[in-house]
Amino acid sequence: MNQTVQDAAGFIDATLQNEGTWYRAEEVESRVGGALSSYGASVGAVRGTVRDAGTKFKGLGHDDVTALASQLWGQPGPGRRAVYERRLAAVVLLQSRVALLRHSDLTRLEGFIRSAHTAELIDPLIADVMVPLLAALEGTDRQRANVVIARWSQDPDEWVRRAAALTADMTARTV
């Protein structure tokens, strides 16, 4: 991972920690069933932080954006649980840069869906990343994406099946 991506991830992480409150963190952790940790930053703070990072770290291309999203999605350190606001920041980042994404990014998105642990992350990932991504694909790339979504619909993981159903439903409504 390049230094710019590491710096951007560090900036986002530090800012989200500074924006958090203990009472919001407790509420978020309770709401998502304790599967994720929380800094207690508001949704507005998450969106603003990602916007500020985009201004501070200009020129992030496809590989940088996907690497940054993966960095944010992962654990903030060894032995620590993933953090809800970092994952939400990854979703917001992908929403803002969906035009850069390719059909080959479906594997990364599938990994995010499998480990999301909450509809609060999956639903915007589907509505604001998957559906626009699929709408932009044509020809062979679209066919490959359709095969992936069909596979998801048969997956043993309920979150992946749910994502496939939401994607199919939302894509059908946009046609």
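None of the figures in this text is laboratory data; all of them are computed from the coordinates on show. Owing to the predicted nature of the structure, the values given are computational and were not obtained by experimental measurement. Neighbour counts run over all protein chains shown; Cβ positions are idealised from the backbone, glycine included.
Computed quantities for the displayed model
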{"item": "C-alpha long axis of helix 22-31 to longest principal axis of the chain, angle in °", "result": "30"}
{"item": "From the coordinates shown, semi-axes √(5λ) of the Cα gyration tensor in Å corresponds to which of (1) 27, 20, 13; (2) 39, 23, 16; (3) 22, 21, 17", "result": "(1)"}
{"item": "5 Å-binned pair-distance histogram of region 102-175 (Cα, whole percent)", "result": "3, 17, 32, 29, 15, 4, 0"}
{"item": "Computed helical MRE - 222 nm, the chain, DSSP H runs ≥ 4 contributing -39500 (n - 2.57), nearest 500", "result": "-21500 deg cm²/dmol"}
{"item": "Where labels lie 7 Å past Cα in the beta-carbon direction, separation of S153 and Q75 in nm", "result": "3.6"}
{"item": "Global form of region 132-175, assessed from the alpha-carbon gyration tensor, a/c cut-off 1.5", "result": "oblate"}
{"item": "Separation of alpha-carbon centers, region 110-154 and region 34-84, rounded to whole Å", "result": "20"}
{"item": "10 Å Cβ shell holding at most 15 others, DSSP loop, trypsin sites (Lys or Arg not before Pro): longest site-free stretch of the chain", "result": "103-175"}
{"item": "Residue list for region 85-120, given a label point 7 angstrom along the Cα-to-Cβ vector of D52 and an amide N cut-off under 14 Å", "result": "none"}
